[in-house]
């Protein structure tokens, strides 16, 4: 009689079925971990800025060194660079992000770059007006913003050059590398529109100043949008510099006793109108020439497997509900509230 041999038991076991829901949950979990690291990076960015500023002041005080305008500009430059790059190096090492990924393309065609920059500056001008209106109406609610606005007191040729470097050039490069390069760049594989929104929330919140938030959030959206359609942070670096340079010139004009206030206002108004008109014409030119695609859908092909299964709601939930971002936003909110109380 022939003996029947049963096949191994494991052959009766069916292979596990990986459902779309399981993939979606796993991808959302990976995104949440990435956003946790991003939140802590934003938090250490501000912490490093405060630590460096306090440390330098204490050292100079202990050494009885007079803090001149020139020394202050060198100090501000060091703080800007240190705040972005010291925690930035740790962040890149933690998530395996390469510096090359942060910068994107190293060049953008001039006929595309110029109109995009003019568009960005038009939005910056309008946002400046909105923030000024907001600031002037805070008193209606019994509030006053006491956030520090630093202005230079000395305007020798050397001081002007150093102020331009420390207040316009260096911050433009450092902040764009941090927020549009590292933060937005590390979120991009989960969706371009999502990356722009997420990085803009942290960028504006980091300023911890209601007036600045009114200005920085729409500007950050446009800066990120322009970087995304060009796949480069060069446009936002240029835009950031131009906006800071504009503020720098206004400060010089407004503190010059030889210039009439009406003249300064007229110059400011002319600059705003020129940028707004040129920005509108630039938009029309880009649409007609089709040099860039203004479609920033979050439904395009994603480089992260499973990201196409996440809705914008899933992504924003992962971005906002995690330890890193929640702690960072709470800290920024606390500082924003404290800025309504005068420092004795």
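The values are calculated or read from the model by the stated rules, or taken from the named source; none is laboratory data. Only a predicted model underlies this, so the values are computations on that prediction, with no experimental measurement involved. Heads up, the Cβs are rebuilt from the backbone with ideal geometry, glycines too, and the neighbour counts pull from every protein chain shown.
What about residue 196, is it more than 17 Å from residue 97 (Cα to Cα) and crowded, with 21+ Cβ neighbours inside 10 Å?
yes
Listed by first and then second residue, the pairs with beta-carbon distance under 7 Å, at least 6 apart or on different chains, first residue in region 259-273 and more than 16 Å from residue 129 (Cβ to Cβ), second part of a helix (DSSP H, G or I), are 259/253. For region 102-117, a tally of residues being surrounded by 15 or more Cβ atoms within 10 Å (Cβ to Cβ) and part of a helix (DSSP H, G or I) returns 8. Cβ contacts < 7 Å: first residue more than 15 Å from residue 168 (Cα to Cα), restricted to region 64-79; second residue modelled with pLDDT under 90 and not in a helix (DSSP H, G or I), any location; separation 6+ or different chain. Result? Listed pairs, sorted by first residue: 69/152; 69/153; 69/154.
Contact map, region 218-230: residues that are within 12 Å of residue 201 (Cβ to Cβ) paired with residues that are buried (at least 24 other Cβ atoms within 10 Å of the Cβ), Cβ distance under 6 Å, separation 6+ or inter-chain. Pairs shown: 220/200; 220/203; 221/200; 224/180; 224/184; 224/196; 224/199; 224/200.
Residues of region 274-295 being assigned to a loop (DSSP other than H, G, I, E, B), touching a residue at least 60 places away in the same chain (Cβ under 8 Å) and under 24 Å from the mean Cα position of the chain (by Cα), which ones?
Kept after step one, since they are assigned to a loop (DSSP other than H, G, I, E, B), are these residues of region 274-295: 290-295.
Next cut, touching a residue at least 60 places away in the same chain (Cβ under 8 Å) only: 291-294.
Listed by number, the residues that qualify are 292, 293, 294.
Annotation note: Cβ proximity below 6 Å between a residue of region 18-37 that is in contact (Cβ under 8 Å) with a residue 24 or more places away in the chain and a residue that is surrounded by fewer than 16 Cβ atoms within 10 Å (Cβ to Cβ) and in a helix (DSSP H, G or I) (sequence gap 6+ or interchain) occurs for 36/323; 37/94; 37/95.
Checking 118, 143 one by one, the residue that is touching a helix residue (DSSP H, G or I) at 6+ places or on another chain (Cβ under 9 Å) and modelled with pLDDT of 95 or more is 118 and no other. Taking every residue in region 324-344 that is on the phi < 0 side of the Ramachandran plot and exposed (fewer than 12 other Cβ atoms within 10 Å of the Cβ) and pairing it with any residue that is assigned to a loop (DSSP other than H, G, I, E, B) and at pLDDT below 95, at least 6 positions away or on another chain, the pairs with Cβ-Cβ distances below 8 Å are 341/146; 342/144; 342/146; 343/146. Could you tell me whether region 157-177 includes any residue that is in contact (Cβ under 8 Å) with a residue 24 or more places away in the chain, closer than 30 Å to residue 289 by Cα and in contact with a strand residue (DSSP E or B) (Cβ under 8 Å, 6 or more places away or on another chain)? Looking for residues that are in contact (Cβ under 8 Å) with a residue 24 or more places away in the chain, closer than 30 Å to residue 289 by Cα and in contact with a strand residue (DSSP E or B) (Cβ under 8 Å, 6 or more places away or on another chain), one finds none in region 157-177, hence no.
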